[in-house]
Amino acid sequence: MSGRLDALNLELVSASRVVAAGAEWALAAGARLAVSVLDERTRVLDDLEGETLDHQHGPVLVGPMSPRNAAALRRHLPWLQPCTVGTRTSAGLGDRLGLATPGHVRAVRTVGGGIAPVFAQQSIREMTRTGRTPAQVMDDATWGMFAEGWRDGTGADADHLKTTEDVDACLAAGFTLYTIDPGEHVDGGADAADPKALRAALASLPWAALEDTEAGLRGRYLGRTFEVEHLRLAFDEATLLRAAVKYGRAVAHVARMARHLRKAAGSRPVELEVSVDETETPTTPAEHYWVASELRRLGVAWVSLAPRFVGRFEKGVDYIGDLPALQGDLAAHAAVARQLGPYKLSLHSGSDKFSVYPIAAQETRGLVHLKTAGTSYLEALRTVAVADPPLFRAIYAFARERYETDRASYHVSAELARAPQAEAPPEGELKDLLEQFDSREILHVTFGSVLRAASAGGRPRFKDALFSLLQSRPEAYAENLKRHFVRHLQPFASPGR
Ligand SMILES: [Zn+2]
C-alpha cells in the first residue's frame with residue numbers, strides 16, 4: 001500500500017493499515033493511532049484526538065489508543081462495530097486482560113470462515129474482578145481487531161447479566177448479545193422435593209409475572225406427551241411440577257430482563273442468550289422444553305440457550321463425566337433447540353473441553369455457540385513462564401495462597417495437596433504447571449486476586465509486570481493464543497459436518 005503514512009517516520013503495524021472514509025488508518029509503534037487525511041472533504045479528524053501535523057499532502061493525526069479514538073474507529077471503520085450473529089455457528093473468546101484479541105483473530109483466521117467470532121465478551125463478575133468497565137472491554141477488542149486487520153465482523157457478548165442495571169451498562173458500551181443469567185431464580189431444591197412440597201411451591205410462583213394460572217399451566221402440559229424428533233417428552237404431574245417450580249421464577253426473570261432490553265435498546269439490533277448453566281443440577285430435556293415453551297409464550301426471542309448439561313464443565317480443564325451420557329444429553333437438547341427455535345445450544349465454560357467438541361458439533365449440526373473465557377489468561381501465564389520464570393513462580397505461589405478463598409464462586413475440584421509446591425519445578429519446567437490439572441485450575445480461578453494484589457506500598461504486585469511483559473512480547477502471546485484456540489475452533493469449523 002502506498003499511503004502517505006509511509007512518508008512519516010512511524011513504525012506501522014502493517015496488518016492494521018486500511019484506507020476508509022477518506023483517510024488512511026494504521027496502528028503505530030508506541031501504542032498510537034495514525035490517520036492521514038486523503039480526501040480533504042472528510043470530517044474524520046473531528047472525531048479523533050491527538051496531535052495534528054500539517055504534512056505537505058494534507059493533515060496527519062497521531063493520537064493515543066483512547067476511548068474517543070476507539071469510538072471513532074468503530075464509527076468510520078464499520079466492520080469494527082459489533083453486530084448480531086444470529087444462529088450462525090459462533091465462538092466467544094473472552095479476554096480478561098484486554099490484550100488477547102490479536103491472538104484470537106489469528107485462531108479464527110487459521111480455521112477458515114466457518115465460525116462467527118465474538119471478540120468482546122465479559123461477564124459482569126469478571127469485569128468486577130479485573131476492574132474493567134464494559135466500555136474498556138469493548139475498546140480492547142476494537143484495538144485488537146484493528147491491529148490484526150480483522151474485517152469480517154464480530155459479536156459482543158455482555159455475559160451473565162443478572163440485573164437491568166447490568167443490561168443498561170452494557171448497552172451504553174455497544175454490546176449486541178445479552179446473556180441473561182436467571183440462575184439465582186432457579187430452585188435447585190425442586191429436584192429432591194416430594195409431591196406435597198412441590199404443590200406448595202407451585203402455588204407460590206409469581207403467577208402474575210408469568211401471565212398464567214395453575215389451572216392454565218396444568219391444561220397446557222399435564223398428561224401430554226410432546227414429540228421432539230427422537231424424543232417423547234411426557235409431562236406427568238411430577239415432571240411438570242418439578243419443571244415449573246425449578247424454573248418458573250427464572251422464566252419470569254428472563255422475560256422481565258428481555259422486555260427491559262428490548263425497550264432500552266430501541267431500534268439498535270441486539271440479541272439474547274438464556275443461560276442456566278451455573279446451577280447445581282442438570283437441566284433435563286423436558287425441563288428445557290418447558291422453559292423454552294414458556295419463554296415463547298411470554299414473547300421472548302433468543303438466539304442461544306445454555307442448559308446445565310450432565311457431568312461437570314469445570315474451568316479450564318476437559319469434561320469430567322460419562323461422554324456417551326453427555327452425547328445423549330447434547331442430542332436431546334439439540335433436538336429441543338431445533339424444534340422450538342431453531343436456536344443454538346451454548347456451551348459455557350467451553351475452554352479445554354476437547355473431548356466434547358466433536359460430539360457437540362455433530363449433535364447440534366452447527367447450531368452451537370462455544371463460549372470460552374478464562375484460558376487466554378493462562379496463555380498469558382504460559383508466555384510469562386518462558387520469558388520471566390521468577391515472575392511466574394511468584395504468581396503461582398500467590399495463587400496457591402488465594403485458591404481456597406477464590407474457588408468459592410467457580411466450579412472447580414482442584415486440591416492444593418495434589419498441586420506441586422511453588423518451589424518444586426525447576427525453571428525450565430514451570431510451564432508444566434499449566435498442564436497439571438490441579439495447578440491449572442488454581443492458576444485459572446485466582447486471576448482476579450493476582451491482578452488486584454498490591455505490595456506493601458500499595459503498588460500492584462503483579463499486574464504492571466504482567467502487562468509490560470505481554471506488551472513487550474505481543475508475537476509470543478498471540479502465537480500461544482493461536483495454538484491454543486485453533487484446537488477449540490477446528491472441530492466446529494471442519495467442512496462436511
Ligand atoms: Zn456461563
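General remarks:
- Enumeration of residues in the stretch 108-123 that are open to solvent by less than 40 Å² (accessible area, probe 1.4 Å) and either in a helix (DSSP H, G or I) or of a type in the set (Gly, Ala, Ser) (or both): Val108, Gly112, Ala116, Ala120, Ser123
A quick yes/no check of all residues on (1) touching a strand residue (DSSP E or B) at 6+ places or on another chain (Cβ under 8 Å); (2) surrounded by fewer than 17 Cβ atoms within 10 Å (Cβ to Cβ); (3) under 30 Å from Ser304 (Cα atoms):
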{"site": "Glu40", "(1), (2), (3)": "yes, yes, no"}
{"site": "Glu51", "(1), (2), (3)": "yes, yes, no"}
{"site": "Leu77", "(1), (2), (3)": "yes, no, yes"}
{"site": "Pro82", "(1), (2), (3)": "yes, no, yes"}
{"site": "Leu99", "(1), (2), (3)": "no, no, yes"}
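- Scan of the stretch 207-245 for residues that are of a type in the set (Val, Ile, Thr) and free of Cβ contacts under 8 Å to residues at least 60 places away in the same chain, ordered by number: Thr213, Thr225, Thr239, Val245
- Only one of the numbered conditions (1) open to solvent by 10 Å² or more (accessible area, probe 1.4 Å); (2) outside any helix (DSSP H, G or I); (3) not aromatic (Phe, Trp, Tyr) is not met by Thr239, and that is (2).
- Matching residues in the stretch 156-173 - criterion: being within 15 Å of the chain's Cα centre (by Cα) and away from the ligand (no atom under 16 Å from the Cβ): Ala156
- Subset of the stretch 1-30 [in a loop (DSSP other than H, G, I, E, B), open to solvent by 60 Å² or more (accessible area, probe 1.4 Å) and closer than 17 Å to Gly50 by Cβ]: Asn9, Glu11, Gly30
- Qualifying residue in the stretch 147-159 (condition: touching a helix residue (DSSP H, G or I) at 6+ places or on another chain (Cβ under 7 Å), modelled with pLDDT of 95 or more and assigned to a helix (DSSP H, G or I)): yes
- Qualifying residue in the stretch 240-256 (condition: closer than 25 Å to Ser376 by Cβ and within 16 Å of the ligand (Cβ to nearest atom)): no
- Those strands (runs of 3 or more DSSP E) lying entirely in the stretch 298-395 with at least 3 residues closer than 17 Å to Thr283 by Cα: 304-306, 344-347
- Any hit, the stretch 309-327, residues being more than 13 Å from the ligand (Cβ to nearest atom), without any contact (Cβ under 8 Å) to a residue 40 or more places away in the chain, surrounded by fewer than 23 Cβ atoms within 10 Å (Cβ to Cβ) and β-branched (Val, Ile, Thr): yes
The values are calculated or read from the model by the stated rules, or taken from the named source; none is laboratory data. The structure presented is a predicted model; accordingly, all values stated were derived computationally and were not measured. Note that each Cβ is placed from the backbone with ideal geometry, even for glycine, and that neighbours are counted across all protein chains shown. Keep in mind that these areas ignore ligands, DNA and RNA; they rest on the heavy atoms of the full protein, side chains included. Shrake-Rupley method; radii C 1.70, N 1.55, O 1.52, S 1.80 Å.
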